[in-house]
1. From the square roots a ≥ b ≥ c of the eigenvalues of the alpha-carbon gyration tensor of the stretch 153-195, which class results: rounded (a/c under 1.5), prolate (a/b over b/c), or oblate?
2. Count the net charge of all other residues whose Cβ sits under 11 Å from the Cβ of GLN30, scoring Lys and Arg as +1 and Asp and Glu as -1.
3. Under the Kirkwood approximation for Rh and a Cα-based Rg, what ratio Rg/Rh is obtained for the chain?
4. What is the extension gain from ASP26 to SER145, computed as 0.36 nm multiplied by their sequence separation minus the C-alpha to C-alpha distance, in nm to one decimal?
5. Which shape class, rounded, prolate or oblate, goes with the stretch 1-57 when its Cα gyration tensor gives a ≥ b ≥ c as root eigenvalues, a/c under 1.5 marks rounded, and past that a/b bigger than b/c marks prolate?
6. Just to check I understand the Karplus step: with θ = phi - 60° and J = 6.51 cos²θ - 1.76 cosθ + 1.60, what whole-Hz values come out for the stretch 134-151, glycine and proline as x?
7. Working from Cα positions, state the angle (0 to 90°, nearest 10) between the long axis of helix 77-87 and the longest principal axis of the chain.
8. Which order do the peptides 15-27, 48-60 come out in when sorted by mean C-beta neighbours inside 10 angstrom, highest first?
Amino acid sequence: MSAVLQLDVIRKTYTRRNSIVSALRDVSLQVEAGEFKVVHGPSGSGKTTLLLIAGGLLAPDSGSVKVSGESMYSLTPEARAAFRARGIGYVFQQFHLIPYLSVLENVLAPSLAQTESSNGNTDEIRARAAELVSYFGLSERAAHSPSELSTGEKQRVALARALLNKPSLLLADEPTGNLDEKNAATVIDYMKEFAKAGGAVLVATHDSSIRADEKYELDGGVLLHSDRRRDSERP
């Protein structure tokens, strides 16, 4: 089976105060369809940099990034953005919901440019958004603005938005970092359901309690396996 996400020997450095910081050092990782994988590490370990590179949002200094067989950084910026909109869902820790839009409109946000610039089926897209709002238990909040939502509800809206275009790859940066234990478990369960349905999921987190098909530890830019056991093999 070919990997949905394939990272090969990724390097990324930053220059800070006249010194060079190695954020990622020869990082290689793959996630196949149906897999839920976790990269664990402390703040500043390079987790967000890894996800940004994987999602086509930040070019590495060297190395290869392929999503569904497409070499992300061989594409023009415009083509990469279009590919990302179709094939990659990204969940940010800070949600990034649009404050003046309703829950339903926030979920629909990824489709707006697409429907305005093409003959996309608006009714079909709106039906998909309404289906996601219902699936995430947000139907009674559909007309509410983000300021009227709890933290857990905001994260569910962000996750619904990431899934609108039926991506093959879901990337989540500290998706439980602002949530209590119950809401955190709910969000992780939703992402695992996405993986069970054939999606590929990569989560970056400092939460070592999240169970996954495979876990990695990232520290000082170096990625190591920390756990290869599947949930079904755990006591």
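1. Verdict is prolate for the stretch 153-195.
2. -2
3. Dividing the radius of gyration by the Kirkwood radius yields 0.96.
4. Full extension of this stretch gives 38.6 nm more.
5. Prolate shape, in that a/c is at least 1.5 and a/b is the bigger ratio.
6. Listing the rounded values in order: 5, 4, 8, x, 10, 4, 6, 10, 4, 9, 7, 8, x, 5, 9, 9, 6, 4 Hz.
7. It works out to around 70 degrees.
8. 48-60, 15-27
Taken together, the values in this text are just the output of simple stated rules run on the coordinates, not laboratory data. Remember, it's a predicted structure, so these values are computed and weren't measured experimentally. When we count neighbours, we look across all protein chains shown, and the Cβ atoms used for this are built from the backbone with ideal geometry, even at glycine.
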